[in-house]
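The values are calculated or read from the model by the stated rules, or taken from the named source; none is laboratory data. This structure is a prediction, so every number in the text was calculated from the model and none was measured. Cβ placement follows ideal geometry from the backbone for every residue including glycine, while neighbour counts extend to all protein chains displayed. Side chains are part of the model used for accessible areas, which takes the heavy atoms of the whole protein and leaves out ligands, DNA and RNA. Shrake-Rupley method; radii C 1.70, N 1.55, O 1.52, S 1.80 Å.
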Amino acid sequence: PLRRIGLWAVPIAVALIVVGLVMLTRSPAGVLTEQDMVLLAFENLTRDAVFDETVPLAMSIQLEQSPYLALLSADHIRETLQMMRRAPDTPLTREVGLEVCERVGARAVIVTSITTLGSRYAIGLEAIACGAGHDVLVRRQEVVEAKEQVLDGIQRGAEAIRQAVGESAASVRRYGTPMIQATTSSLDALRQMRLGDVARELGQGTAALDHYRQAVLLDPDFA
């Protein structure tokens, strides 16, 4: 009997390994599809306000390059917030993002967070399913040694999350302009650009121009 068990154990083990490999191969592609609408949320767990504008903008720039992800537009988000009786400029935290996600019938929220680990920074990314349970579909983390490396960490994290939710590596390489080439390596310059965008959206042309000029002064090589 023991010999028979041993003989049966080998093919069973091989079958389990094969099934496991199939699951590992197929699971990323099954997380999201190109038809699934997603939205971006952000949580700043540091005390540095410069991340409030820069990290969401940097992640948005990275993920908007993807032809695979269908990101909910800013206008749609503002309209939904107003329907929820919230200010249209309400920050999209994890909690608010999930509420908006359910309202619009989106598939998931991609939450970017940043926190400090001593002198280092940890950038967390999670794709969270909308609806009951709020299951975490994908989770990634990038740790950088200094504040100046945060934008590089965001780029790596964005590339990892794109592949993790189902986009091919070839697509990520083709549609993945590095952050420095797309904008700037300076967090302060990127923040000024974001403030300029906000002012322009509010119809404050002069203020927007001032912010854009400041961005170029901070980084003369701003793309």
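Which is the longest run of the chain containing none of the trypsin sites (Lys or Arg not before Pro) found in DSSP loop states (not H, G, I, E, B) with at most 11 other C-beta atoms within 10 Å? Walk me through the numbers before you get to the answer.
Numbers: sites that count: ARG47, ARG85.
Looking at the chain, 86-223 is the longest stretch - no exposed trypsin sites (Lys or Arg not before Pro) with at most 11 other Cβ atoms within 10 Å.
Are there GluC sites (Glu not before Pro) in the stretch 26-116 that DSSP puts in a loop and that have at most 13 other Cβ atoms within 10 Å, and which ones?
Details: sites: GLU34, GLU43, GLU53, GLU64, GLU79, GLU95, GLU99, GLU102; in loops: GLU34.
Loop-located and lightly packed - GLU34.
Leaving ligands, DNA and RNA out of it, report the carbon-plus-sulfur percent of the accessible area of the chain at a 1.4 Å probe.
Working: 6900 of 12730 Å².
Carbon plus sulfur share of accessible area: 54 percent.
So, in Å, what gap is there between the alpha-carbon centers of the stretch 36-100 and the stretch 102-156?
Between the Cα centres of the stretch 36-100 and the stretch 102-156 lies a distance of 12 Å.
Work out from phi, with θ = phi - 60° and the Karplus expression 6.51 cos²θ - 1.76 cosθ + 1.60, the ³J(HN,Hα) of each residue of the stretch 208-223, listed in order in whole Hz, and give x for Gly and Pro.
Going residue by residue, I get 4, 4, 4, 5, 5, 5, 5, 4, 6, 5, 5, 9, x, 9, 3, 4 Hz, with x marking Gly and Pro.
How tilted is helix 187-201 with respect to the longest principal axis of the chain? Cα atoms for both, answer in degrees (0 to 90, nearest 10).
For helix 187-201, the angle is close to 70 degrees.
Where only protein heavy atoms count, and the probe is 1.4 Å, what is the accessible area per residue for the chain in Å²? List each step's numbers first, then the result.
Details: 12730 Å² over 223 residues.
On a per-residue basis, 57 Å².
With each run of n ≥ 4 DSSP H residues scored as -39500 (n - 2.57), what mean residue ellipticity at 222 nm is computed for the chain after dividing by its residue count and rounding to the nearest 500 deg cm²/dmol? Don't skip to the end; give the middle numbers.
Working: 9 runs with 115 residues, N = 223.
Taken over the chain, the calculation gives -16500 deg cm²/dmol.
For a distance above 16 Å, tell me the whole-number percent of Cα pairs in the stretch 67-168 that qualify. Each step should come with its number before you reach the end.
Working: 3153 of 5151 pairs.
That fraction is 61 percent.
Where the convex hull is taken over the Cα atoms of the stretch 137-223, what is its projected area averaged over directions, in nm²?
On the way: hull surface 28.1 nm².
Approximately 7.0 nm², given one-decimal rounding.
Over the stretch 118-159, what is the mean sequence separation of C-alpha contacts under 8 Å (at least six apart), divided by residue count, expressed as relative contact order in percent?
Numbers: 59 pairs, mean separation 17.6, N = 42.
Computed over the stretch 118-159, the figure is 42 percent.
Could you work out how far helix 50-64 tilts from the main Cα principal axis of the chain, as a 0 to 90 degree angle to the nearest 10?
Its long axis makes an angle of about 60 degrees.
On a 0 to 90° scale, report how tilted helix 74-83 is relative to the longest principal axis of the chain, with both axes built from alpha carbons and the result rounded to the nearest 10.
Result, in degrees: 90.
With the cut-off at 1.5 for a/c, could you classify the chain from its C-alpha gyration tensor as rounded, prolate or oblate?
prolate
Defining a contact as two alpha carbons under 8 Å apart and six or more residues distant in sequence, what relative contact order in percent does the stretch 99-223 show?
Details: 171 pairs, mean separation 19.1, N = 125.
Relative contact order comes out at 15 percent.
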